[in-house]
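The values are calculated or read from the model by the stated rules, or taken from the named source; none is laboratory data. Please read all numbers here as calculations on a predicted model, not as lab measurements. For neighbour counting, all protein chains shown are included, and Cβ atoms are generated from backbone atoms with ideal geometry for every residue, glycine included. Calculation scope for accessible area: heavy atoms of the full protein, side chains included, ligands and nucleic acids excluded. Shrake-Rupley method; radii C 1.70, N 1.55, O 1.52, S 1.80 Å.
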Amino acid sequence: MRNDELIRRDLAVLWHPCTQMHDHESVPLLPIRSAQGVWLEDGEGGRWLDAVSSWWTCLFGHRHPPIVAAIERQLAQLDHVILAGCSHEPAVRLAEALCEAAPPGLTRVFYADNGSAAVEIALKMSFHWHLNRGDPARRRFIAVRGGYHGETLGALSVTDVPLYRSTYDALLLRPIFVASPDAYGAVDSESSEDMALRAAADLRETLEREGRNVCALILEPLVQCAGGMRMHHPRYLREARALCDAHGVHLVADEIAVGFGRTGTLFACEQAGISPDFLLLSKGLTGGFLPLSAVLTTEAVYAGFYAEHATRKAFLHSHSYTGNALACSAALAVLREFGEQPWLERNRATGAKMTALAAPFAAHPKVGEVRQTGMILAIELVRSRAGRVPFDPTERRGLRAYRHAIARGVLLRPLGDVLYWMPPYDIDDAALELLADVTAGAIAAATA
Ligand SMILES: *Cc1c(COP(=O)(O)O)cnc(C)c1O
């Protein structure tokens with residue numbers, strides 16, 4: 001199909017995610033025929049640098065050869081088999097490799113096929129675990145202001161991004177939201193660590209008041225991604241771990257976006273030296289090739305369900321594609337890559353280049369902050385720097401930046417007025433420099 005035909009037929013039949021379809025009367029769809037490394041190509045000479053790793057899924061670059069090869073090998077052997085009652089090597093090997101790579105104490109793996117499903121599983125498992133112990137009073141969740149955990153009803157309930165949540169509010173669970181440790185919220189001379197401690201104090205008070213009714217605290221370690229790439233000090237995670245322990249509450253670390261090296265370590269929790277009770281993984285898990293998610297948990301949680309059938313303690317949750325063999329083989333190839341190639345070291349070097357290239361943006365009168373954690377760099381556009389007054393959202397400044405960048409060969413997809421770089425790890429110097437140039441122009445176009 002030619003590009004114009006593809007777009008015409010698409011708009012006649014498709015309904016795109018996270019999109020007001022009416023926008024496509026003026027915003028062009030990108031017709032993508034092929035991809036390689038950091039590049040997306042349309043087959044007619046157009047190409048775009050994938051600065052957002054295709055919604056944070058692509059890790060080492062598109063069609064990274066070792067992952068392609070692993071899927072091809074698996075395809076010659078086994079496509080998929082029901083995981084209830086059956087087993088297969090990719091599912092077993094991947095579970096072993098994940099437990100080996102994860103923070104200590106996580107010894108059991110439950111698979112699903114997307115991030116939101118992993119969140120649903122963790123929430124249900126935590127509630128059910130307390131119930132199995134004879135503690136039915138624990139039926140509430142604590143979630144963090146500004147957090148994002150997906151958009152199925154349970155996951156949306158613990159999400160605090162009004163754009164996605166407010167319409168459906170009447171349908172949702174009632175979690176208890178606690179203050180975000182987001183360092184952008186620091187006031188006066190507060191450091192990011194002070195901010196983390198202030199938020200931890202709110203969590204402490206909440207647990208002292210409500211702790212006996214709470215199953216779990218869910219949070220995004222180090223970076224609240226969809227909420228605007230807001231970043232916090234690891235101290236918050238240490239405080240949260242200790243407070244959860246003191247109140248018998250599970251800690252759910254949603255590393256669906258930040259896992260697999262995005263923050264500088266393989267998992268963000270490592271930077272706080274903590275182990276959660278549940279670790280949620282998806283997005284980068286298969287390197288951006290296939291849908292898969294994993295819920296890692298502890299032997300203590302597993303043991304709470306392990307009993308004679310008649311006790312009715314089993315966790316009966318299921319998804320048809322649980323433990324898909326092709327997806328597991330891709331994920332195994334991802335973990336092999338981290339073992340065999342110095343990707344984390346390379347990311348440190350790439351991250352330092354990103355820091356240097358973005359440094360000039362901080363002086364722009366309409367930039368409230370340039371912040372970075374590892375391979376995630378964000379630029380917050382504001383109407384005025386003094387007091388960090390945001391733009392009126394109806395002005396859609398971010399969309400102007402998006403359109404500017406698309407016209408110059410870069411797929412930069414802002415979150416509201418927050419521009420960010422979250423590129424595939426194989427990005428080279430020339431691509432980084434292009435990204436920085438185009439971003440400078442995008443900031444100017446968006447804030448003019
Ligand atoms: C993307 C995301 C999810 C949801 O994953 P999906 O696969 O899109 O359902 C959950 N939590 C976080 C932190 C995410 O970034």
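Answer yes or no as to whether C244 is within 16 Å of the ligand (Cβ to nearest atom), open to solvent by less than 30 Å² (accessible area, probe 1.4 Å) and not β-branched (V, I, T).
Answer is no for this residue.
Return the total of residues in region 166-194 being part of a loop (DSSP other than H, G, I, E, B) and farther than 24 Å from E151 by Cβ.
Of region 166-194, the ones part of a loop (DSSP other than H, G, I, E, B) are 172-175, 179-182, 186-191.
Imposing the further condition that a residue be farther than 24 Å from E151 by Cβ reduces the set to 186-191.
Residues in region 166-194 being part of a loop (DSSP other than H, G, I, E, B) and farther than 24 Å from E151 by Cβ: 6 in total.
Out of V295, V301, V334, V249, report the one residue that is over 17 Å from C99 (Cα atoms), among the hydrophobic types (A, V, I, L, M, F, W, C) and either outside the structural domain of W421 (by TED's automatic domain parsing) or buried (at least 19 other Cβ atoms within 10 Å of the Cβ) (or both).
Numbers: V295 fails: over 17 Å from C99 (Cα atoms); V301 fails: over 17 Å from C99 (Cα atoms); V334 fails: over 17 Å from C99 (Cα atoms).
Step by step, each of V295, V301, V334, V249 is checked, and only V249 is over 17 Å from C99 (Cα atoms), among the hydrophobic types (A, V, I, L, M, F, W, C) and either outside the structural domain of W421 (by TED's automatic domain parsing) or buried (at least 19 other Cβ atoms within 10 Å of the Cβ) (or both).
Are any residues in region 106-122 closer than 17 Å to L217 by Cβ and either open to solvent by 10 Å² or more (accessible area, probe 1.4 Å) or more than 16 Å from the ligand (Cβ to nearest atom) (or both), and if so, which ones? Break it down into steps so the answer makes sense when it comes.
Of all residues in region 106-122, those closer than 17 Å to L217 by Cβ come to 106, 118-122.
Once the filter is applied, which keeps residues that are closer than 17 Å to L217 by Cβ and either open to solvent by 10 Å² or more (accessible area, probe 1.4 Å) or more than 16 Å from the ligand (Cβ to nearest atom) (or both), region 106-122 yields L106, E120.
Please go through region 291-350 and pick out each residue that is in a loop (DSSP other than H, G, I, E, B), among the hydrophobic types (A, V, I, L, M, F, W, C) and touching a Leu at 6+ places or on another chain (Cβ under 6 Å).
The initial filter retains those residues of region 291-350 that are in a loop (DSSP other than H, G, I, E, B), namely 291-292, 304-308, 312-324, 341-342.
Narrowing the set further to residues that are among the hydrophobic types (A, V, I, L, M, F, W, C) leaves 292, 305, 307, 314-316.
Scanning region 291-350 gives a single hit, L292.
Looking only at region 394-408, which residues are open to solvent by 80 Å² or more (accessible area, probe 1.4 Å), assigned to a helix (DSSP H, G or I) and in contact with a helix residue (DSSP H, G or I) (Cβ under 9 Å, 6 or more places away or on another chain)?
Within region 394-408, R400, R403 qualify.
Inspect region 170-179 for any residue being of a type in the set (A, V, I, L, M, F, W, C), modelled with pLDDT under 95 and open to solvent by 40 Å² or more (accessible area, probe 1.4 Å) and give the result as yes or no.
First, pick out the residues of region 170-179 that are of a type in the set (A, V, I, L, M, F, W, C): 170-173, 176-179.
Imposing the further condition that a residue be modelled with pLDDT under 95 reduces the set to none.
No, that holds for no residue.
What are the residues in region 58-76 that are part of a loop (DSSP other than H, G, I, E, B) and without any contact (Cβ under 8 Å) to a residue 12 or more places away in the chain, if any? Explain how you work it out, then say what you get.
In the first step, residues of region 58-76 are kept if they are part of a loop (DSSP other than H, G, I, E, B); the result is 58-61, 63-64, 76.
Correct list: A76 only.
Need pairs with beta-carbon distance below 6 Å; first residue in a strand (DSSP E or B) and within region 137-154, second open to solvent by 30 Å² or more (accessible area, probe 1.4 Å); sequence gap 6+ or separate chains.
R140/N213; A143/F177
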